[in-house]
Amino acid sequence: MSSLSWHRLSRTKSTPSPTGQDPVNSPGHNDPQITEGAGAQVRSGATSNLSWAARTDVGLVRSHNEDSFLAQAPTFAVSDGMGGHAAGEVASAIAVTTIAEHAPSHADDLLLGAAIEIANTAVMEGAATGKGKMGMGCTASAVSIEQNKMAVAHVGDSRVYLLHNGALVRLTHDHSYVEELVDAGEITADEARVHPSRSVITRALGSDPDMYADHFTIDVFAGDRVVICSDGLSSMVEDSQIEAIAVSSATAQAAVDNLVAAALQEGGSDNVTVVVVDITDDGIIDQHRKRYLTRFALIGAFIVGIVAALFVAASLFVSHSWYVGVNGDTVAIYHGVNASLLGHDLYALSQSTTVQLSDLPEATQSNLQNGVVVASEKEAEATIESYREQIAADKAHAQQIADKSTAGTETSTDNPAVPTNKTEGGD
């Protein structure tokens, strides 16, 4: 299975290393020396959260390249054409073009699967209208990455792998005869790679109008690496070796170069196409930051609401409060409460009176210094009146006592003073 390379991808440069130095492969893994074939294509690019590279090579046996790839963030895909010269490469080119046009802008596996199904119709129409040849077809494996979500859609035996925490996991299930044998336990995965019927595909684009794509969504994280490839890699290189290369390669570009080189070193009997996408930022930190900011904003709004409610309640309480207190040497009526807040008095003088503080008992004076709380202005006025009555009564009572103490001691012409007689002794 091979095809002429077609591509649609960003030509932006990869993001430089924070240290200013280019990353290097792990020790013992040198950059491969690849001879560029006639059908070779290499592309790379980056966004704020992704870094990717793609390479397709005709291989060492085939005369033309029937593979195509798509690297148009956030969507990436590989399509392996079938049908021979002027057919397989046309089918795969139609497929990736159609997927690029209809792929979702976010990680929606249902829409991504629908894009592959639309591509199936486009390939069949292309054969019917003479754009290629009757019977042409292709595989399609695509992903769409949005922050920490990755949608996957797949038809055929091209594959999608995920490297997470140093372990490589194959995400897609081959639609092939040998995969069915492996599932049935009749052969092993290693035997499937060299089985004489390994090229028999049970589901592909271009032959069945009712064809459907497998699709699903998974979580991905910063540091994960996605590998999409044609069977030109997976049929030549064992998954364990793919894992070792993916782990040891410092950059996405180094990874595709190393993986294609490994396939060529194993014989390169088919076209080889590899797309590697590194997830540099999964957006989780931003999500947590936004969640915390939202939480703090809600807490702040709640606190402001509570403070505002308390302020309103306090204002209502103050506006409906009255007390009798001291204004210099006299007693007065105040509107509010006898307190201050942040340097502002919570009371205002309402009425002055002529009631002298000194005319009241000491206990009453002490109470007035602290403020005698009353329910209303009328009650305050009644309290003032009671003080006046108390003072008048106290003064009258004092006068009575004074009058009694002086009764019978006053002298006048009508009541002359009589000297006290003393009894003298002796004759």
Query raised in the report: Going out from 0 in 5 Å bins, what whole percent of all Cα-Cα distances in the stretch 50-153 drops into each bin?
Result: 3, 15, 23, 22, 17, 12, 7, 2, 0
Report task. For the chain, please report how many Lys pairs fall under 28 Å Cα to Cα, leaving out neighbours fewer than 8 apart on the same chain. Result -> 4
Report summary line: When the chain is treated as a Gaussian network with springs between alpha carbons less than 10 Å apart, the largest mean-square fluctuation among Ala122, Ala73, Ala314 is found at Ala314
Query raised in the report: At 222 nm, what helix-only mean residue ellipticity would the chain give, in deg cm²/dmol to the nearest 500, using -39500 (n - 2.57) for each DSSP H run of four or more?
Result: -11500 deg cm²/dmol
Report task. Let me know the charge dipole size of the chain about its Cα centre in debye, to the nearest 20, where only the beta-carbon of Lys, Arg (+1) and Asp, Glu (-1) is charged. Result -> 1000 debye
Report summary line: The base-10 log of I(q)/I(0) that the Debye equation returns for the stretch 320-403 at q = 0.18 Å⁻¹, one scatterer per C-alpha, is -0.73
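Please give the length that would be gained between Gln287 and Thr188 if that part of the chain were fully extended, namely 0.36 nm times their separation in residues minus their C-alpha to C-alpha distance (nm, one decimal).
Numbers: separation 99, 0.36 × 99 = 35.64 nm, distance 4.32 nm.
Separation in residues times 0.36 nm, less the Cα-Cα distance, equals 31.3 nm.
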Query - Cα shape, the chain, gyration tensor, a/c 1.5 rule - result: prolate
Query raised in the report: With the chain treated as a Gaussian network of Cα nodes joined by springs under 10 Å, which of Ala261, Ala167, Ala95 yields the largest mean-square fluctuation?
Result: Ala167
Query raised in the report: If you plug each phi of the stretch 323-330 into the Karplus form 6.51 cos²θ - 1.76 cosθ + 1.60 with θ = phi - 60°, what whole-Hz ³J(HN,Hα) values come out, in order, with x for Gly and Pro?
Result: 7, 9, x, 10, 10, x, 9, 10
Report summary line: Non-local residues with an amide H under 5 Å from the amide H of Ser350, with H modelled 1.01 Å from N and Pro and chain starts lacking one, are Ile333, Tyr334, His335
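Can you tell me the FRET efficiency between Phe216 and Leu341 if r is taken as the Cβ-Cβ distance and R0 is 41 Å, rounded to the nearest 0.05? Working shown, then result.
On the way: r = 62 Å, r/R0 = 1.51.
That gives a FRET efficiency of 0.10.
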Report task. Choose one of Gly156, Thr353, Thr121: the residue whose Cα lies farthest towards the positive end of the charge dipole of the chain (beta-carbon charges +1 Lys, Arg; -1 Asp, Glu; about the Cα centre). Result -> Thr121
Query raised in the report: Relative to the present Cα-Cα distance, how much length would full extension add between Val373 and Leu298 at 0.36 nm per residue of separation?
Result: 23.1 nm
Query - In nm, spacing of pseudo-spin labels at Ser105 and Ala314 (7 Å Cα→C-beta vector) - result: 5.0 nm
Query raised in the report: Relative contact order of the stretch 283-405: what whole-number percent is it, with Cα pairs under 8 angstrom and at least 6 residues apart?
Result: 22 percent
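Laboratory data are not the source of any read-out in this text; all were calculated from the coordinates shown. Everything numeric here is computed off the predicted structure, so don't read it as measured data. Cβ sites come from the backbone with ideal geometry, for glycine too, and all protein chains shown count toward neighbours.
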